[in-house]
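Laboratory data are not the source of any read-out in this text; all were calculated from the coordinates shown. The structure presented is a predicted model; accordingly, all values stated were derived computationally and were not measured. Here the Cβ positions follow ideal geometry from the backbone for every residue, glycine too, while neighbour counts run over all protein chains shown.
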Amino acid sequence: MEIKNLITFLTILQEGTFSKAANKLGYTQSTITFQMRQLEEELGVTLFEKVGRKMVLSKAGESVTPYIKEVLASLDRLKDSQHNLQESQGSLSIAMAETQICYHMPQILKEFRKQAPNAKLMLRSMNCYEIRDALIEGSVDLGIFYDEVGDSIDSLKIYPFEEVSMTLIASKGTKKLYNDFITPNQRLNIPFIIDEPDCIFRQIFEQYLKEKKIILDHTIELWSIPTIKNLVMNDVGISYLPTFTVQKELNDQTLCAIETSLDDLRITAVCAHHRNKWVSPLMKLFIDLVTKST
């Protein structure tokens, strides 16, 4: 559907006649007539009816007028916002997985604030399933999470931005005692330190243990990645986390990687919104920053 045809339609209403609209827009009257014929064919209705020597708005034309006005008003808002991100007073609500908000998003958020300093940014740390559900329900604008969340993701527009490797981590002392997580049918007297049951990493590794028939002593459930790492470094247990969250510790050897049959596994970090949601300039800015960061 041509935007210029919608503009012509509203101009006819404002000016009162086809000829006055043609003069205002710099078109010939035959161009105006052709544009309205095109619009009528696209909408499947008659917009104007001839009464005597005049063309007047039909009942169908009256019914579609509010929608056409809203389309053009939205277009104007979009144009204004795109050119005035620095002055934007809009808001953006984003739900993020904790690993992303802790390690990957700070620089992106900093750049977002730089480009849209007056925007109101609302952040929520949630697990991946909660983020998916919040996007579907429309309670947040954008979500940053891992796409291994199963059903209902078809209703979301997904922007993959990173393939994430995973690592089973332990202290040097723990690794000396428990370094075999490949041989099946084992019972190991070591706890698994990880996030809540809906944590994607936890689900992946617990499924792996189930398939291998490896039984650990118990699970310590925590919500803080730094706390989990600290306990692992102090010989309390093992954990299974995205490699980027422990890369520094692996490099300085305060943590060690333990080999598993999952070492080639990758999970996908994504930015997403509901497919039916209008992508505001602030949303587009954030999506662009995320997808161009890797």
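What to note about this one:
- The chain: translational diffusion in µm²/s, Stokes-Einstein, Kirkwood Rh over Cα pairs, 25 °C, 0.890 mPa s: 106 µm²/s
- Ordering 166-173, 60-67 by mean Cβ neighbour count within 10 Å, with the highest value first, yields 166-173, 60-67.
- Counting every alpha-carbon pair across region 164-267, the share separated by more than 19 Å comes to 35%.
- Distance between modelled label sites at residue 1 and residue 148, nm, 7 Å Cα→Cβ extension: 4.3 nm
- Angle in degrees between helix 29-43 and the longest Cα principal axis of the chain, rounded to the nearest 10: 50 degrees
- q = 0.12, 0.24 Å⁻¹: log10 I(q)/I(0) that the Debye formula gives for region 3-83, counting C-alpha atoms only: -0.35, -1.22
- Extension gain for the segment residue 70 to residue 114, taken as residue separation times 0.36 nm less the Cα-Cα distance, is 12.7 nm to one decimal.
- Lys, Arg +1 and Asp, Glu -1 on Cβ, resulting dipole of region 164-267 about Cα centre, debye, nearest 20: 240 debye
- Here the dipole of region 3-83 is about 300 debye; that uses its Cα centre as origin and unit charges on the Cβ of Lys and Arg (positive) and Asp and Glu (negative).
- Segment residue 129-residue 19, extension gain: residue separation times 0.36 nm, minus the distance between their alpha carbons: 33.8 nm
- Per-residue packing, averaged as other Cβ atoms within 10 Å, sorts the ranges 6-15, 19-28, 91-100 into the order 91-100, 6-15, 19-28, beginning with the highest.
- Overall Cα dimensions of region 120-215 - principal axes, largest extent first, Å: 49, 28, 22
- If R0 is taken as 51 Å, the Cβ-Cβ distance between residue 252 and residue 93 corresponds to a FRET efficiency of 0.90.
- With the charge dipole of the chain set up from +1 on Lys and Arg Cβ and -1 on Asp and Glu Cβ about the Cα centre, the Cα lying farthest toward the positive end among the listed residues 256, 35, 233 is that of 35.
- For the chain, the longest principal axis of the alpha carbon atoms and the long axis of helix 59-83 meet at an angle near 50°.
- The angle between the Cα long axis of helix 105-115 and the main principal axis of the chain comes to about 30°, on a 0 to 90 degree scale.
- Highest mean packing first, where packing is the average number of other Cβ atoms within 10 Å per residue, the peptides 230-238, 154-162 line up as 230-238, 154-162.
- Between residue 121 and residue 30, residue separation times 0.36 nm minus the direct Cα-Cα distance comes to 27.8 nm.
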